[in-house]
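Working notes, beginning with the structure itself.
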Amino acid sequence: MRKLQLAALGFFILLGFTGCKKNTTADIGLADVFVQTIKNPADTSQTLYAVVNSVISTNIMTSATVVAPNNSTMQLANYANSGNSFYNDPVYSATSPSPGVYNYSVKFQDGQSMAYSNTLLTTTLPPPFIKSLSKTVLGDSIKIVWKAIPNAQAYTLKVTTGTGASSVLVFYAAPFYDSSTIPKAILTYGLPIGSVSYGAGIYTFELDALLYESTAYTYVQAIGISTKDITL
């Protein structure tokens, strides 16, 4: 992909907004619910779906709870115990989730409580089809090639090494999209091998396709995820 443009991230929008509110003590958070899809590892012809809830804030949060449309309640997990991000681990199913309003209750470190809501819509994105992941002929860079998804507004790329609790993020590309006048059917992202390789081993490339709720790029509507490994 020769021309890359950054798509606005909700977190940075939130950061900018709170930066303009330094004289206030209001706690501000962003709560979002979206559908995440992957290919079934046991049957790659099948797409699996999961509902993901996320709450982020530049203020420290102590807890975040969400009530689903069916009135079930879930306590979200504190990512890395940072207090800035709460989420739920995705539970995948072969059935696409029903739409509806999700209501969030968030408590902040200063004792304030805030309520938020976000609507899960019906539109989903399929996981991207990765055509290839390989070193270039000179061996100094890596190229990932995939089929464009018509409804995707942006993509992100994450590279990790290790598995489970020992997994380490070694590279992250913020949301980007193909700005070509005529959208390309096949997209390519290349990066220097030195930016991802921290010694011999297996590296996992995760490509995420993103669809936002609006052109404000604040809330995510759907994410499609695909991964591919390469040995360096």
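The values are calculated or read from the model by the stated rules, or taken from the named source; none is laboratory data. Only a predicted model underlies this, so the values are computations on that prediction, with no experimental measurement involved. Glycine also receives a Cβ, built like all others from the backbone with ideal geometry; neighbour counts cover every protein chain displayed.
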If I filter the range 29-37 for residues that are assigned by TED's automatic domain parsing to the domain that holds Asn103, at pLDDT below 95 and acidic (Asp, Glu), do I get at least one hit? no
Take the range 73-102 and flag every residue that is under 16 Å from the mean Cα position of the chain (by Cα) and buried (at least 16 other Cβ atoms within 10 Å of the Cβ). Asn84, Ser85, Phe86, Tyr87, Asn88, Pro90
Members of the range 213-230 found to be touching a helix residue (DSSP H, G or I) at 6+ places or on another chain (Cβ under 8 Å) and part of a loop (DSSP other than H, G, I, E, B), listed by number: Ala216, Tyr217, Thr218, Tyr219
Looking only at the range 213-232, which residues are in contact with a strand residue (DSSP E or B) (Cβ under 6 Å, 6 or more places away or on another chain) and among the hydroxyl-bearing types (Ser, Thr, Tyr)? Tyr219, Ser226, Thr227, Thr231
Search the range 207-232 for residues being farther than 19 Å from Asp32 by Cβ and within 16 Å of the chain's Cα centre (by Cα), and hand back the single one that is surrounded by the most Cβ atoms within 10 Å (Cβ to Cβ). Leu207
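So that you can scan it fast, the table gives a plain yes or no per residue for (1) under 26 Å from Pro126 (Cα atoms); (2) assigned to a loop (DSSP other than H, G, I, E, B); (3) within 20 Å of the chain's Cα centre (by Cα):
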residue: Lys39; (1), (2), (3): yes, no, yes
residue: Gln46; (1), (2), (3): yes, no, no
residue: Val51; (1), (2), (3): yes, no, yes
residue: Asn59; (1), (2), (3): no, yes, no
residue: Ala64; (1), (2), (3): no, no, yes
residue: Asn71; (1), (2), (3): no, yes, no
Among residues of the range 196-206 being of a type in the set (A, V, I, L, M, F, W, C), closer than 12 Å to Thr160 by Cα and more than 14 Å from the chain's Cα centre (by Cα), the residue surrounded by the fewest Cβ atoms within 10 Å (Cβ to Cβ) is Ile202
Which of (1) modelled with pLDDT of 95 or more; (2) on the phi > 0 side of the Ramachandran plot; (3) assigned by TED's automatic domain parsing to the domain that holds Ile186 is the odd one out, the single condition Gly164 does not satisfy? (1)
Looking at (1) surrounded by 12 or more Cβ atoms within 10 Å (Cβ to Cβ); (2) free of Cβ contacts under 8 Å to residues at least 12 places away in the same chain, which one does Leu138 not meet, given that it meets all the others? (1)
Got a sec? Which strands (runs of 3 or more DSSP E) wholly within the range 94-139 have at least 3 residues that are hydrophobic (A, V, I, L, M, F, W, C) and modelled with pLDDT under 95? none
Long-range neighbours under 6 Å by Cβ, at least six apart or interchain, first residue without any contact (Cβ under 8 Å) to a residue 24 or more places away in the chain within the range 110-121, second of a type outside the set (S, T, N, Q): Ser113/Lys107
Examine the range 186-195 for a residue that is closer than 22 Å to Val52 by Cβ, surrounded by 12 or more Cβ atoms within 10 Å (Cβ to Cβ), among the β-branched types (Val, Ile, Thr) and free of Cβ contacts under 8 Å to residues at least 60 places away in the same chain, and state whether such a residue exists. no
